[in-house]
Structures are given as structure tokens and as C-alpha cells.
Amino acid sequence: MMNSIVVVDYDPVWPELFQFFRARIMAALGGLAAAVEHVGSTAVVGLAAKPVIDMDVLLVSAGALPAAIERLAIVGYSHQGDLGIAEREAFLAPANDIPHHLYVCPPSSGEYRRHLVLRDYLRSHPKEAQAYGHLKHSLAQKFAHDRPAYIAGKEEFVRELLERALARPGGESV
């Protein structure tokens with residue numbers, strides 16, 4: 001079932017998959033991308049996650065988006081718009097590819113910065129990452145076929161993690 005929520009234990013192949021996708025994206029975007037970052041739970045060693053690689057591209061300028069859309073289309077990515085989240089454009093992965101999410105962000109993107117701050121906080125706080133993993137496993141079992149409920153079940157915990165991450169020294173600078 002494609003829409004089922006499945007959370008698995010950390011897989012050490014996830015960073016390798018990210019590097020594969022990163023190379024393809026950087027080759028397609030060239031100088032349009034200032035950075036391609038592995039974000040989300042698969043980017044945190046030891047953290048349970050849905051086995052889908054999340055990536056954020058930071059563009060060199062907001063004006064680079066139309067060219068990025070064209071170049072990513074050439075390698076099979078379909079632009080989906082912002083899907084209701086400002087400062088982040090979503091792209092559907094090429095058909096039959098390993099599951100991954102690609103988001104393209106302008107240089108001023110708060111969403112991009114939040115992703116990095118939260119990722120880095122979880123990387124440096126393994127006990128909190130473990131607690132988050134337990135929560136995700138529990139929610140996936142309880143709401144395996146109810147994605148909105150699964151997401152809602154994580155919201156408060158993630159908000160608290162992000163608040164702690166932003167409150168620490170250097171938390172706002174990425």
C-alpha cells in the first residue's frame with residue numbers, strides 16, 4: 001500500500017543514497033545550487049524514519065527557480081509547486097526511482113534553515129533523536145493508514161525540538 005505509514009530503523013545506506021541523488025541534482029543544476037543538503041530523519045544516524053530520503057536545494061538566487069525547474073525536468077523531476085509551504089518548492093521524483101523528496105528553496109528560505117537546525121540538533125542530541133524515533137514508530141503503528149493523524153501526532157514534539165534547537169547558541173545561524 002503506497003499510502004501506508006511505515007517507519008523503519010535507521011539504515012546506514014541512506015547517506016549513500018543521498019550522495020547518489022546529490023550528485024545527479026548538482027550535475028543538473030550546476031551553478032544554480034549553492035547547496036544540496038540531506039534533511040529529515042534519514043539524515044540523522046540512528047534515527048528511525050520512513051525510508052524516504054529528504055533533500056533541500058538552496059538556490060544561489062530566488063530568480064534561479066525557473067531555470068532550476070527546467071533543468072530538473074530534464075533529469076525527470078516534476079515541479080509540484082509549494083504544496084502549501086512557503087519558501088519551498090516541491091519536486092516529484094522520477095518514475096521508478098528510489099523514494100525521495102526534493103525541495104528547492106530560495107536563499108532567504110526560513111524552511112531550509114529550520115530543516116538544517118533541526119537536523120543538526122538531532123544529530124548532536126541522540127537521546128532526543130531516539131525519543132523521536134520511538135514516537136514515530138508508535139504513531140506509525142497507530143495511524144498506519146492515516147497520514148494526517150500521523151503528522152499531527154508528531155507536530156508538538158517536533159515544535160518543541162525546534163524551539164530547543166533555535167534557543168541553543170548558534171541555533172539560528174546555519
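Where a number appears in this text, it was derived from the coordinates with a stated rule and is not lab data. For clarity, every value in this text was computed on a predicted model and none was experimentally measured. Every residue, glycine as well, gets a Cβ built from its backbone with ideal geometry; the counts of neighbours run over all protein chains shown.
Over region 45-174, the alpha carbon radius of gyration divided by the compact-protein estimate 2.2 N^0.38 Å works out to 1.15. The residues packed around residue 62, meaning those with a beta-carbon under 14 Å from its beta-carbon, carry a net charge of -3 if Lys and Arg are +1 and Asp and Glu are -1. Using C-alpha pairs under 8 Å with a sequence gap of at least 6, the mean separation divided by the residue count of region 73-174 gives a relative contact order of 19 percent. Highest average first, the peptides 53-62, 70-79 ordered by how many other beta carbon atoms sit within 10 Å of their residues are 53-62, 70-79. The residue list 117, 7, 28 was ranked by how far each Cα lies along the charge dipole of the chain toward its positive end, using unit charges on Cβ atoms, and 7 comes out on top. Here region 64-102 is scanned for amide nitrogen atoms under 20 Å from the site 7 Å beyond the Cα of residue 6 along Cα-to-Cβ, giving 93-102. For region 16-96, the calculated P(r) over all alpha carbon pairs, in 5 Å bins from 0 to the bin holding the longest distance, is 3, 14, 24, 28, 19, 9, 3, 0 percent.
In this label model, residue 157 and residue 96 are separated by 3.7 nm, measuring between points 7 Å along each Cα→Cβ vector. Summing charges over all other residues whose Cβ lies under 13 Å from the Cβ of residue 7, with Lys and Arg as +1 and Asp and Glu as -1, gives +3. Positive contributions from Lys and Arg (+1) and negative ones from Asp and Glu (-1), summed over other residues with Cβ under 11 Å from the Cβ of residue 81, come out at -1. Between 75, 108, 134, the Cα set farthest toward the positive side of the dipole of the chain (charges on each charged residue's Cβ, about the Cα centre) is that of 134.
In this Cβ point-charge picture (+1 for Lys and Arg, -1 for Asp and Glu), the chain has a dipole of about 220 debye about its Cα centre.
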